[in-house]
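The values are calculated or read from the model by the stated rules, or taken from the named source; none is laboratory data. Note that this is a predicted model, so its numbers are computed, not measured. Cβ placement follows ideal geometry from the backbone for every residue including glycine, while neighbour counts extend to all protein chains displayed. All accessible areas refer to the heavy atoms of the entire protein, side chains included, with ligands and DNA or RNA removed. Shrake-Rupley method; radii C 1.70, N 1.55, O 1.52, S 1.80 Å.
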Amino acid sequence: MNDNLPGGMYARLGVRPVVNAAATLTAVGGSLMSPEVLEAMAQAASTHVDMYELHAAAGRRIAELSRNDAAYVTSGCAAAIVLAVLGCITQGDPRKITLMPDGAGLPTEVVMHCSHRIPYDPAIALAGAKVVQVGNAVQTFEWELEAALTERTAAVLYVAGSHLGTAALDLATTVRIAHARDVPVIVDAAAQLPPYTNLWELTRKHGADLALFSGGKALHGPQASGFMVGRADLVAAAAANGSPHQRLARALKAGKEEIVGLLRALELYLDRDHDADRARWEGVVEQWVADLDGVEGLQARRVFPNEAGQPVPRVRVEVDPSRLHATATDLADQLWDGTPRVMVLRDGTDAFYLTPDTLTEEQEHIVVERIVATARGMAPRPAEAVDT
Ligand SMILES: *Cc1c(COP(=O)(O)O)cnc(C)c1O
């Protein structure tokens, strides 16, 4: 692969492209957009439009596609947290909206399970709210959640994903307790696609009032996009705090290009043959294990589900430093410094993960070639073991 690809601006800036075998990480640009999504964004960029009308129309279409009552496009899932919390605090009341972020006299507490505290939750503070934590890293009792819900509570923020373990109450229990006090439940489901059924099940089946998703992860939409789905009154209340209005969350504007690109990405995602995707990933993982397991100093095996609890298979590559005379960290560093630059997901100094869902078919091969070549370059080679 030509390291100057995709040419143009990155090359002129001296910024090196990354082959992302790690995950849909924002730090390496999330995911890649298809030509269809890029075309939709180019169309959107080429004409002015009434942004109120576009937001409303795209929201209706996304609601229909996701089988929800309403939807609103944001500039990411973290932005959706800010907007959802602002919506719950202000209920869309114009006077209350102007009180933010001070929120004097308004309910500005957001209840979260301790085990759900994530690096993205400062978005709550950005909305002028503060976190009230329930439970601990090991367990949560129903009475703890009940006791935390008061007239100061704006919402419960629930972080979805099987990777978070069992220290929190389950979503259905959380919803039951919160709804008994008329408190809405917002679900952060940023990386909870796949499965695509989460688009409607978190709200329709589990009863969440709002569910929030990233557009730039598995949806392969614009990196700076996300959306919320759920209760029409809360979606409208959230939207009243955001662009194109000149309010607090105007700072989190989604442009016409993001709105249209996200919608197109969602259409394409729902049209996909998800079983075929899964079969393709399994095939790649099987091939990676076959190619990597047994390379001097490496052990490779399939793991499931992935780092965000999604039903995507991955490969865990363990490095035996006594045979490679290097750690997994050294190998990952060399892959990052190599050409092309390859990013893997590090797991301490012993191992790293590879995921198939962020790669093109060409890149699937590049990743394995780079790992084999790099590992062979590191391993001591007794004369009888030389095989290349
Ligand atoms: C990625 C992620 C976010 C942030 O989403 P963006 O679309 O990048 O703003 C929030 N919460 C969780 C759990 C995430 O995984």
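Before moving on, here are some points about what is shown:
- Hits in the range 254-273 (condition: of a type outside the set (Asp, Glu), within 20 Å of the chain's Cα centre (by Cα) and crowded, with 16+ Cβ neighbours inside 10 Å): 254, 255, 259, 260, 261, 262, 263, 264, 265, 266, 268, 269
- Where residue 215 falls short, out of the listed (1) surrounded by 21 or more Cβ atoms within 10 Å (Cβ to Cβ); (2) more than 16 Å from residue 308 (Cα to Cα): (2)
- Residue within the range 302-315 that is of a type in the set (Lys, Arg), touching a Leu at 6+ places or on another chain (Cβ under 8 Å) and buried (at least 17 other Cβ atoms within 10 Å of the Cβ) present: yes
- Residue tally, condition open to solvent by 10 Å² or more (accessible area, probe 1.4 Å) and under 16 Å from the mean Cα position of the chain (by Cα), over the range 218-237: 4
- Counted residues, the range 172-231 - those being farther than 30 Å from residue 35 by Cα and away from the ligand (no atom under 14 Å from the Cβ): 22
Matching residues to (1) over 18 Å from residue 20 (Cα atoms); (2) assigned to a loop (DSSP other than H, G, I, E, B); (3) of a type in the set (S, T, N, Q):
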site	(1), (2), (3)
299	yes, no, yes
335	no, no, no
369	no, no, no
374	no, no, yes
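- Matching residues, the range 68-120, being open to solvent by less than 10 Å² (accessible area, probe 1.4 Å), away from the ligand (no atom under 16 Å from the Cβ) and under 16 Å from residue 212 (Cα atoms): 87, 88
- Just one residue in the set 265, 276 is more than 16 Å from the ligand (Cβ to nearest atom) and among the small types (Gly, Ala, Ser); that residue is 276.
- Matching residues in the range 161-179 - criterion: being modelled with pLDDT under 95 and open to solvent by less than 20 Å² (accessible area, probe 1.4 Å): none
- Listed by position, the strands (runs of 3 or more DSSP E) enclosed by the range 43-155 that each have at least 2 residues that are farther than 23 Å from residue 231 by Cα and touching a strand residue (DSSP E or B) at 6+ places or on another chain (Cβ under 9 Å) are 130-134.
- Flag if residue 67 is out of contact with any Phe, Trp or Tyr (no Cβ under 8 Å at 6 or more places or on another chain), basic (Lys, Arg) and in the same structural domain as residue 200 (by TED's automatic domain parsing): no
- Any hit, the range 159-172, residues being assigned by TED's automatic domain parsing to the domain that holds residue 102, free of Cβ contacts under 8 Å to residues at least 24 places away in the same chain and within 22 Å of residue 137 (Cβ to Cβ): yes
- Test: residue in the range 29-42 that is in the same structural domain as residue 206 (by TED's automatic domain parsing), part of a strand (DSSP E or B) and within 16 Å of the ligand (Cβ to nearest atom): no
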